[in-house]
Amino acid sequence: MTQKRWSPSSWRGMPALHIPDDYPDVQALADAETELKGYPPLVFAGEAQKLKQRLGEVAMGKAFLLQGGDCAESFKEFHPDNLRDMFRVKMQMAVVLTYGAGQPVVKVGRIAGQFGKPRSSPVEVRDGITLPSYRGDNINGMEFSPESRVPDPNRLIKAYGQSASTLNLLRAFSMGGYANLRNIHQWNLGFVEGSETNEKYKVMAEKISDAMDFMDACGVTPDTTPQMAQTDYYTSHEGLLLGYEEAMTRIDSTSGRWYDTSAHMLWIGNRTRQLDHAHVEFFRGIDNPIAMKVGEGLEPDELMQLLDVLNPHNEAGRITLIARYGHDKVAKGLPSLARAVKREGRHVVWSCDPMHGNTIKTGTGYKTRPFDNILSEVKGFMQVLHSENCWPGGVHFEMTGQNVTECVGGSAQVVREEDLSSRYHTHCDPRLNATQALELAFQIAEELKSYRKDEGVRLAS
Ligand code: PEP
Ligand code: CO
């Protein structure tokens, strides 16, 4: 790849997959992008730098990354209650991981900008009618009609507005008292009442509350120790629509560097990480922490070349590799990559997306993901990294705080195949519901605990 001069628009003219090229009014798209260029940044460079530092700690085996949220945010499901429920289940999971595995947890949402989707087919056929696929609410509409499937630039503006108000509420939740550890019991969601996972959570919350009472008596309170009263919550999405990302990319006056201010962290999808294509070009020039999905077919040599381009200074925290193989493929695909990364001394965060390689279609036509396969991929991922002397630094989930029925299985509140139709709300891929997500957090905490003991020593070697 030629290292020509980078600018926020240097990706234009390069091959770009999964970016719609069928806007009927190209001028209207350009106008929307110009308008976005004048809008306020959604995040600050300093926040993105702070996340990069935290991820640097993850890369060194000293913290754990919890990234998750909707597959695709939507205009329709935009509601403060949904945001609150997502936030609180993430808080619960983070506490479980912090307490259970003794690890600081870096919390990153797939939120406040996660709209555009790469699709496996450009068209959808229903009852003999062929229409362009739904590509995310910031591009076209989900409704199966010719009008709705036409890309509309106004949707970019609307998605920006929704991202801004989402972020505003998340900042209020994380800084304004809701995230206070004293609220640990209140993060419980009503509908998981009575489940085994919920009971486990209550026992743990009781122990933490006791410890806090003790610390209170010693003078260490949320008033004296802000870490107990608030939390850092970061945003991320797939940087798919480069026109939007370009419009949100601004120079930071203090460092003189470029930041994509649409989110703290952005990732390159599994289908858009070609070395000589537009997405890699755009990502190499922004100074945010970035991630890249890695999966079947990516060879160590190509990964090294991608790391050369995307993280030339081998900065810890700059890049997270999100492995997404499938429960039956991770043990075969991941070892050679982990080995090469270790051998070449590259600093990366290794994270596991156990969702996208485990999607199946049921006889009744629902896309689903079996809970057991999700858990099995996480465990397989951890085993591989452990045997390659690398830190299994994080997980990446598609999840919701709602009581949906999209992924089958789970032991606390089993979702059966015949239940899928009752609360199947996703706009794209099937998500873990709140109980399943919490159950996974407990299981992962157990796994981590068993791997952690000698990790420090082995990572240093
Ligand atoms: C996603 O994360 O929603 C996605 C499309 O994943 P991948 O790029 O791994 O297929
Ligand atoms: Co998805």
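The values are calculated or read from the model by the stated rules, or taken from the named source; none is laboratory data. Everything numeric here is computed off the predicted structure, so don't read it as measured data. Cβ coordinates were reconstructed from backbone atoms using ideal geometry, including for glycine residues, and neighbour counts include every protein chain displayed. When the accessible area is computed, the model is the full protein with side chains, heavy atoms only, and any ligands, DNA or RNA have been set aside. Shrake-Rupley method; radii C 1.70, N 1.55, O 1.52, S 1.80 Å.
Using a 1.4 angstrom probe with every protein chain in place, what is the largest-first accessible-area order of D31, D372? Write out the running numbers ahead of the final one.
Details: D31 85, D372 110 Å².
Ranking D31, D372 by accessible area, largest first, yields D372, D31.
May I ask you to compute the full-extension gain from E193 to A164, defined as 0.36 nm times their residue separation minus their alpha-carbon distance, rounded to one decimal in nm? Please list the in-between numbers first.
Numbers: separation 29, 0.36 × 29 = 10.44 nm, distance 3.27 nm.
Contour length minus Cα-Cα distance gives 7.2 nm.
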In whole Hz and in residue order, list the ³J(HN,Hα) couplings for region 360-366 that follow from phi through the Karplus curve 6.51 cos²θ - 1.76 cosθ + 1.60, θ = phi - 60°; x for Gly and Pro.
10, 10, 7, x, 8, x, 7
Give the accessible surface of region 26-454 per residue, rounded to a whole number of Å², with probe radius 1.4 Å and ligands, DNA and RNA excluded.
38 Å²
Please report, as a whole percent, how much of the solvent-accessible surface of region 26-454 comes from carbon and sulfur atoms (probe radius 1.4 Å).
51 percent
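Roughly what % antiparallel, to the nearest 5, for the DSSP beta bridges in region 26-454? List each step's numbers first, then the result.
Details: 10 of 44 bridges.
Beta bridges within region 26-454, antiparallel portion: roughly 25 percent.
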Which far-off residues, 5 or more places away or on another chain, put their amide H under 5 Å from the one on A291, with H placed in the peptide plane?
L266, W267, I268, T320
Scanning the chain, every Cys lacking a C-beta partner under 4.7 angstrom -> C218, C352, C390, C407
Backbone HN-Hα couplings from phi across region 98-107 [Karplus 6.51/-1.76/1.60, Hz, Gly and Pro as x]
5, 6, x, 9, x, 10, x, 10, 8, 9
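Could you estimate the translational diffusion coefficient of region 239-377 from the Stokes-Einstein equation, with Rh from the Kirkwood formula over C-alpha pairs, at 20 °C and 1.002 mPa s, in whole µm²/s? Could you put the intermediate results ahead of the total?
Numbers: Rh = 16.2 Å.
Value of D from the Cα-based Kirkwood radius: 132 µm²/s.
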Sorted largest first, extent of the chain alpha carbons per principal axis (Å):
64, 50, 46
Which value, in nm² and rounded to one decimal, describes the direction-averaged projected area of the C-alpha convex hull of region 1-120?
11.5 nm²
So if a site counts as exposed when it's one of the trypsin sites (Lys or Arg not before Pro), its DSSP state isn't H, G, I, E or B, and it has at most 11 other Cβ atoms within 10 Å, what's the longest stretch of the chain without one?
77-415
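222 nm [θ] for the chain, helices only, -39500 (n - 2.57) per DSSP H run of 4+, per residue, to 500? Can you show the working numbers first?
Details: 13 runs with 178 residues, N = 461.
Only helices count here, giving -12500 deg cm²/dmol.
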Tabulate in residue order the Karplus-calculated ³J(HN,Hα) for region 313-322, using 6.51 cos²θ - 1.76 cosθ + 1.60 with θ = phi - 60°, rounded to whole Hz; enter x for Gly and Pro.
9, 6, 7, 6, x, 5, 10, 10, 9, 9
For region 4-44, the Rg and Dmax computed from alpha carbons only, in angstrom
12.8, 34
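Give, in nm to one decimal, the length gained when the segment between V414 and S121 is fully stretched (0.36 nm per residue of separation minus the Cα-Cα distance). Spell out each step's value before the answer.
On the way: separation 293, 0.36 × 293 = 105.48 nm, distance 3.15 nm.
Once the chain is fully extended between V414 and S121, it gains 102.3 nm.
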